[in-house]
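Input: a single structure, listed below in structure tokens.
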Amino acid sequence: MNTHDPDNFRSRFRRYEAPVRTERIPLAVRTLSSNALFQGEHEIGIEHHGALYRLKITRQGKLILNK
């Protein structure tokens, strides 16, 4: 014999509520074109915290950063 009260059972548990979605506002990022950076070259040097990095444009037009 089942003697539980379904209303009493439901009241002991919180109802799940989906989290409210908030819109993300993108931060302004300073953007430079690769043409402005490379100025016709295929490789440039970037000094960062005393280390020299090399940024290269590949034959496929992609960028590679090496230390």
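The values are calculated or read from the model by the stated rules, or taken from the named source; none is laboratory data. As the structure is a computational prediction, the values presented were derived from the model and not from experiment. Positions of Cβ are backbone-derived with ideal geometry, glycine not excepted, and every protein chain shown enters the neighbour counts.
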Output for Cβ contacts, cut-off 6 Å, separation at least six or different chains, first residue at negative phi and modelled with pLDDT under 95 in the range 33-62, second surrounded by 10 or more Cβ atoms within 10 Å (Cβ to Cβ) and in a strand (DSSP E or B), reads none
Going through the range 49-66 in order, the residues found to be in a loop (DSSP other than H, G, I, E, B) and small (Gly, Ala, Ser) are Gly50, Gly61
